[in-house]
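So the structure is just underneath, and the comments pick up after that.
Just so it is clear, none of the values below were taken in a lab; they were calculated from the coordinates. Note that this is a predicted model, so its numbers are computed, not measured. All Cβ positions, glycine included, derive from the backbone under ideal geometry; neighbour counts span all protein chains shown.
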Amino acid sequence: MPAALLVTVSPRLPALLGADGWRAVSGPRSVVALPGAGAEAAMLRSAGVAVEELPDAAAVTARADDVVCLASPDEAAALPGVPAVAGAPEPPGARLLDVVRVMDRLRSPGGCPWDAEQTHASLRGYLLEEAHEAYDAIVDDDRTAMREELGDVLLQVVFHARVAQEDAARGFDVDDVAGDLVDKLVRRHPHVFGDAGPRDVAQVEAGWEEIKKAEKQRRSPTEGVSRSQPAASWGAALVRRAGRAGLPTPEPAELADASPEALGERLLAVVAAAEARGWDVEDALREAVRRYAGELDAAAADRPDRGTSA
């Protein structure tokens, strides 16, 4: 066959060409396109570039002239030995578009009946379950499991966003979720994206808290702290927030343990003793934390400024 050059295009980013792609189609060779590059062919025609569409790889090899052939990666594989350039290099994160596309297919008519009937309420337990499994994989330093479980957490995010998209009154979609996250990250890192200047870790944490305070305008020190997390984590979060706000914190117990490992053993012994009495340690601690949360809200309400720096 005459000289040919393959320009591979991205099925995830249709009608886009990078610099190498544009250089290739702007040369003296005839431009042809296989079916997987139909969007790029239409885009080039609108820019004044003549493009002939061909049905398959055999039609490319049958050409008598030198050509630049636009093709998807799968179509390019049918032309082994033909030089190729990446016409539309995919940026990091491009496969996230596949996740959104697959979820849309599952949720749409003709998709999966189970996925189609799910709601935020029916899915909420899976979000916690998958987050716990990802946590376990991280603790175990199991990179294979971590990769899988983080994917399951991502699935829950995309699933909830797809469900929300269908709510005509209060809807949002995955782009809204991503956009809010990007805005938050930029806003909370003025030392990176703004003019706050360099900061050390302590200054970053202090600045983060000040920005959060301005953003949230919390009415109480307990607002925004998840009540569904384990009781120990819930209590620790409230104690930290109360300390920053100058509100009362529980009287610390005498901690004679020499290490976190020793403390863990002592706490396990407490769990065993409570179990022997038929007591649920999680419920007992949760009730204590719930009472403490009420005390914090009351203490904040009694302050003259009625505010919180938590």
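Placing a pseudo-label 7 Å from each Cα along the Cα-to-Cβ vector at residue 180 and residue 254 gives an inter-label distance of 4.8 nm.
The angle between the Cα long axis of helix 281-302 and the longest principal axis of the Cα atoms of the chain comes to about 80 degrees, rounded to the nearest 10. Fewest-first ordering of 292, 135, 126 by other beta carbons within 10 Å of each residue's beta carbon gives 135, 126, 292. With 20 Å bins beginning at zero, the pair-distance distribution over Cα atoms of the chain amounts to 20, 41, 26, 12, 1 %. Using the Cβ of residue 230 as centre and a radius below 10 Å, the other residues enclosed give a net charge of 0, where K and R count +1 and D and E count -1.
For residue 136, project a label point 7 Å along Cα to C-beta. Then give me every residue of region 281-303 with its amide nitrogen under 20 Å of that point. Within reach of a label on residue 136, which here means backbone N under 20 Å from a point 7 Å along Cα→Cβ, region 281-303 contributes 282. Rounded to the nearest 500, the 222 nm mean residue ellipticity of the chain from helices alone is -17500 deg cm²/dmol, with -39,500 (n - 2.57) taken per DSSP H run of at least 4 residues. Between the amide H of residue 94 and any residue lying 5 or more places away or on another chain, no distance stays under 5 Å, with hydrogens modeled in the peptide plane. Which GluC sites (Glu not before Pro) in region 95-131 pass both tests, a DSSP loop state and at most 14 other beta-carbon atoms within 10 Å? Those that pass, being in a loop and sparsely packed, are 117.
Taking a sphere under 13 Å around the Cβ of residue 286 and counting the other residues whose Cβ falls inside, with K and R at +1 and D and E at -1, yields a net charge of -1.
Note on region 80-117 and region 208-286: Cα centroid distance 42 Å, given to the nearest whole angstrom. Taking a sphere under 10 Å around the Cβ of residue 156 and counting the other residues whose Cβ falls inside, with K and R at +1 and D and E at -1, yields a net charge of -2.
Specify the angular offset, from 0 to 90 degrees and rounded to the nearest 10, of the alpha carbon long axis of helix 96-107 from the longest principal axis of the alpha carbons in the chain. Between helix and principal axis, roughly 80 degrees. Of the GluC sites (Glu not before Pro) in region 154-259, the ones in a loop by DSSP (not H, G, I, E or B) with at most 16 other beta carbons within 10 Å are 166, 223, 254.
Think of each Lys and Arg Cβ as +1 and each Asp and Glu Cβ as -1; about the Cα centre, that makes the dipole of region 4-86 roughly 200 debye. Evaluating 6.51 cos²θ - 1.76 cosθ + 1.60 at θ = phi - 60° for every residue in region 258-266, the Karplus couplings come out as 8, 7, x, 5, 5, 4, x, 5, 5 Hz, glycine and proline recorded as x.
Close amide H pairs (under 5 Å, H built 1.01 Å from N) link residue 70 with 7, 32, 33, 34, residues at least 5 positions away or on another chain.
The trypsin sites (Lys or Arg not before Pro) of region 241-309 that meet both conditions, a loop assignment by DSSP and at most 14 other Cβ atoms within 10 Å of the site Cβ, are 277, 306.
In degrees between 0 and 90, to the nearest 10, how far off the longest principal axis of the chain does helix 120-139 point, with axes built from Cα atoms? For helix 120-139, the angle is close to 90 degrees.
Rounded to the nearest 20 debye, the dipole size of the chain about its Cα centre is 1040 debye, using +1 on the Cβ of Lys and Arg and -1 on the Cβ of Asp and Glu. Figure legend: label point modelled 7 angstrom from the Cα of residue 20 along Cα→Cβ; residues of region 42-70 with amide N under 20 Å from it are 44, 67-70.
Going from the residue with the fewest nearby Cβ atoms within 10 Å to the one with the most, 220, 30, 228 rank 228, 30, 220. Across region 88-94, rounded Karplus estimates of 3J(HN,Hα) from the backbone phi angles (6.51 cos²θ - 1.76 cosθ + 1.60, θ = phi - 60°) give 9, x, 7, x, x, x, 4 Hz, Gly and Pro being marked x.
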